[in-house]
1. Out of region 165-188, which residues are among the hydroxyl-bearing types (Ser, Thr, Tyr) and touching a residue at least 60 places away in the same chain (Cβ under 8 Å)?
2. For region 142-164, which residues satisfy the criterion of being more than 20 Å from Gln184 (Cα to Cα) and either more than 20 Å from the chain's Cα centre (by Cα) or not in a loop (DSSP other than H, G, I, E, B) (or both)?
3. Of all the residues that make up region 211-241, how many are closer than 30 Å to Val106 by Cα and among the acidic types (Asp, Glu)?
4. Working only within region 152-167, note down all residues that are within 19 Å of Ala46 (Cβ to Cβ) and surrounded by fewer than 15 Cβ atoms within 10 Å (Cβ to Cβ).
5. Given the conditions (1) touching a helix residue (DSSP H, G or I) at 6+ places or on another chain (Cβ under 9 Å); (2) surrounded by 18 or more Cβ atoms within 10 Å (Cβ to Cβ); (3) farther than 22 Å from Leu59 by Cβ, which single one is not true for Tyr125?
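Please treat every number below as a calculation from the coordinates, not as lab data. Treat the numbers as computed from the prediction; the structure is a model and nothing was measured. All Cβ positions, even for glycine, are placed from backbone atoms using ideal geometry, and neighbour counts span all protein chains on display.
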Amino acid sequence: MKILVCVKQVPDMESRFQVQAGGTAIEEADLAFRVNEYDEFAIEEAVRLKEKLGEGSELTVLSLGPQRVAEAIKKALAMGCDQGIHILDTASRDPYQVASLIYQAVKDQDFEVIFTGMQSQDLGYAQTGLLLAELLGIEAVTTVVSFCQEGDGFLVQRELEGGQRMNLKLQAPALFTCQLGLNQPRYPTLPNIMKAKKKKITQLEAASLAPPAARSQTTSLRPPAKKGQAKFLEGDLGAMADQLVAELKAKSLI
């Protein structure tokens, strides 16, 4: 069975973000980058499926972005993927363009199972996986929280609104977008990190894949406006209680 997992490299969410002078993108110069958290669960599930299927299965990891994205691919290889595909691209792309570029890169490779993260931590569109499935003409299941390969099909559970869950059974080919908590992603061991250095990464130029025109664009980006302020009350409990009541009455909150 041929398995594909798509990953994205995103800024570490603990970073200090600054908007570029143009006001439409984040300044990346001083940011640290890591594998998108949702995608780590996708990698782990893909590796588990490959291990369960045993000999004859093949797992490929794919990512799109500038040269630094190679580090995300190498981590996936160290976690257990067999080979990588790097679509080299420095442009900012919308979900349709990303899905189209991935489609062009894999459409002739007959992948039977594709895993992606449910969404990215930086932009959170949650569209790329579904658009890719549509372009490939295969079934897709979103927000997967349980996955099991059974016979020639798959039993999955997806998360719905309000804590509800849906059980589904389907056949390959299919695409699954993975929710947080689906599994426990493994840490790459030192021997596997060393082995990953010898694994093949095929590099493709985005321009050679004829990316389509964007269907959406960012017109403006800014930090959220600061609202309200904190006020500290001091003194004994009785005085603070009286002061609190007075403040709430003054603001017509009680």
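1. Pass one, region 165-188, residues among the hydroxyl-bearing types (Ser, Thr, Tyr): 177, 187.
The one that is among the hydroxyl-bearing types (Ser, Thr, Tyr) and touching a residue at least 60 places away in the same chain (Cβ under 8 Å): Thr177.
2. Initial filter on region 142-164 (more than 20 Å from Gln184 (Cα to Cα)): 150-153, 160-164.
Passing the criteria: Glu150, Gly151, Asp152, Gly153, Glu161, Gly162, Gly163, Gln164.
3. Just the residues of region 211-241 that are closer than 30 Å to Val106 by Cα, to begin with: 211-218.
Next, only the ones that are among the acidic types (Asp, Glu) stay: none.
Qualifying residue count, region 211-241: 0.
4. Once the filter is applied, which keeps residues that are within 19 Å of Ala46 (Cβ to Cβ) and surrounded by fewer than 15 Cβ atoms within 10 Å (Cβ to Cβ), region 152-167 yields Asp152, Gly153, Leu155.
5. Of the numbered conditions (1) touching a helix residue (DSSP H, G or I) at 6+ places or on another chain (Cβ under 9 Å); (2) surrounded by 18 or more Cβ atoms within 10 Å (Cβ to Cβ); (3) farther than 22 Å from Leu59 by Cβ, the odd one out for Tyr125 is (2).
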